[in-house]
1. Can you name the number of the only condition in (1) surrounded by 15 or more Cβ atoms within 10 Å (Cβ to Cβ); (2) within 17 Å of the chain's Cα centre (by Cα) that PRO327 fails?
2. For ILE89, indicate whether it is aliphatic (A, V, I, L, M), modelled with pLDDT of 95 or more, more than 24 Å from GLY148 (Cα to Cα) and in a loop (DSSP other than H, G, I, E, B).
3. I want to confirm something. Restricting to region 98-133 and keeping residues that are in contact (Cβ under 8 Å) with a residue 60 or more places away in the chain and open to solvent by 40 Å² or more (accessible area, probe 1.4 Å), which single residue is nearest to the chain's Cα centre (by Cα)?
4. With the structure loaded, tell me whether SER438 is over 26 Å from ALA69 (Cα atoms) and either at pLDDT 95 or above or not in a strand (DSSP E or B) (or both) or whether it fails that test.
5. Which pairs have Cβ atoms under 6 Å, sit 6 or more apart or on different chains, and link a residue in region 258-279 that is among the small types (Gly, Ala, Ser) to one that is crowded, with 17+ Cβ neighbours inside 10 Å?
6. So, in region 349-361, exactly how many residues are open to solvent by less than 10 Å² (accessible area, probe 1.4 Å) and either more than 16 Å from the chain's Cα centre (by Cα) or at pLDDT below 95 (or both)?
7. Would you tally the residues in region 41-83 being open to solvent by 60 Å² or more (accessible area, probe 1.4 Å), among the charged types (D, E, K, R) and either at pLDDT below 95 or part of a loop (DSSP other than H, G, I, E, B) (or both)?
Amino acid sequence: MNELTNLKPAEVFCYFDKICSIPHGSGNTKAISDYCAAFADEHGLRYIQDPADNIIIFKDGTAGYENSAPVIIQGHLDMVCEKDKDCTIDMEKEGIQPVVDGDFITARGTTLGGDDGIAVAYVLAILASDSISHPPIEAVLTSGEEIGLLGATALDAAPLKGRIMLNLDSEEEGSFLISCAGGIRVDCITPVKHMVDMAVRYDVTISGLSGGHSGTEINRWGANSNILAGRLLYALDNQTEFWISDIKGGLKDNAIPIETDLRLYVTSRDCEAFEETIRRLEAELQNEYAVTDPGLKITFKRGPEEISHMLDTRSTGLVTFLLMNYPCGVQRMSSNIPGLVETSLNPGILYMTETELHCSFSIRSSVSSAKEALVDKLVFLTEFTGGTCSFSGDYPAWEYRQDSPLRDLVAEVYRDMYQKDCRLEAIHAGVECGIFSSKLPGLDCVSYGPDMFDIHTTRERLSISSVQRVWEFTLELLKRLK
């Protein structure tokens, strides 16, 4: 017998156990979506399942709640699939193996998928019950959340009549999200020209930075290796004659880059000045970022004098200009919520081809107009230097509501149940609430969930006692939404 079947609340963990047995990584959600459809059939519930694997399940209000306003309960079907090197589980075809360890559930050698399998389990347990008091329910389970909120974006929200939504996709009990940033990826492409000449080759690396997620950790005010490359090029330009042959930094637009490699060419008479400039800049940056990036270093390796392809003088100057002037990091703090980053951007990917410089930015803002203004700034800068921009992954902000009856009720219920105040928080990252608030005008929404730790890693663990408390809170909240 699986250990999960003995846990409380049993009605939740029996479904979580089933979810764990079904492969449901991002892009592989057909089986879990079909399971939810079969569940709806079994319980005589109307549902809509779309080609993106999203599913909406409808349930009437219980006695006394028939005429109450419908409530949307929402989570996502997909999980992040990571596993240890020695793990033999094929996560495309096999379920995970949950393990109970004290108050925690973990998985043997893989991610657990508590994010967001526990939300699906909560939803199914509510839909299956004949004893829970609740208004009419519109349960919305989406696909592709972990890879860009794809399911929520594709969902036809027209069948949804509710304007109250409980999003069950947070990982800290007692913390209720009430706002999130919107975002967009901007790819800036600028033409460059090469020449062939003879000069001394240097391979230079900026490394040792702390990095982090460009949403949740941008407020650390740490260094970005791609932007430091611009400072390096500008410092060299003031002291030496040099040319750029190659530049590459960062792997993902939403991760603050920790390392950038440059191949530069210098006239033989400038080698001493070149090396001294790098040493001096390294010392300055190490002092400047001593707290946030204590491992920062700039290393270089001198090569031979050789004939090679390199950017011509104008293109070298153009790249230096762009990397010195691209905006980066926190642009503005919120005036509504103290301590919240309102608007930021991250030049996360930088590389060069034979004919172009490419730089990819992740822009975030909890104010839509501020996001668009930052896009305009990048477009203007890029087009002014002869380049073009393309856009992808645009998702709206979930803007803070000055008036939110649901937020007030959540705070009241939490205070009544636990004799303390909950935390009402906003995050500088994207959640599905932003998509739904753009599709459902007037939507009043909160996001919450039980304690989870180290999500998206094989150390992921879900608190059993927290699942119980959040379950009890959700049932009381539904009861008071009459």
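The values are calculated or read from the model by the stated rules, or taken from the named source; none is laboratory data. All values derive from a computational prediction rather than experimental measurement. Ideal geometry is used to build each Cβ from the backbone, glycine not excepted, and the neighbour counts take in all protein chains shown. Surface areas here come from the heavy atoms of the whole protein model, side chains and all, with no ligands, DNA or RNA. Shrake-Rupley method; radii C 1.70, N 1.55, O 1.52, S 1.80 Å.
1. Only one criterion in (1) surrounded by 15 or more Cβ atoms within 10 Å (Cβ to Cβ); (2) within 17 Å of the chain's Cα centre (by Cα) is unmet by PRO327, namely (2).
2. For ILE89, the condition - aliphatic (A, V, I, L, M), modelled with pLDDT of 95 or more, more than 24 Å from GLY148 (Cα to Cα) and in a loop (DSSP other than H, G, I, E, B) - is met.
3. PHE104
4. No.
5. Hits for this filter: SER268/VAL200; ALA273/THR240.
6. Looking only at that region, the number is 3.
7. Result for region 41-83: 5.
Residues checked against (1) under 24 Å from SER360 (Cβ atoms); (2) out of contact with any Asp or Glu (no Cβ under 9 Å at 6 or more places or on another chain); (3) modelled with pLDDT of 95 or more; (4) not in a loop (DSSP other than H, G, I, E, B):
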residue	(1), (2), (3), (4)
LEU378	yes, yes, yes, yes
GLU383	yes, yes, yes, yes
ARG401	no, no, no, no
LEU406	no, no, yes, yes
VAL410	no, yes, yes, yes
ARG415	no, no, yes, yes
ASP421	no, yes, yes, no
ALA426	no, yes, no, yes
GLY430	yes, yes, no, no
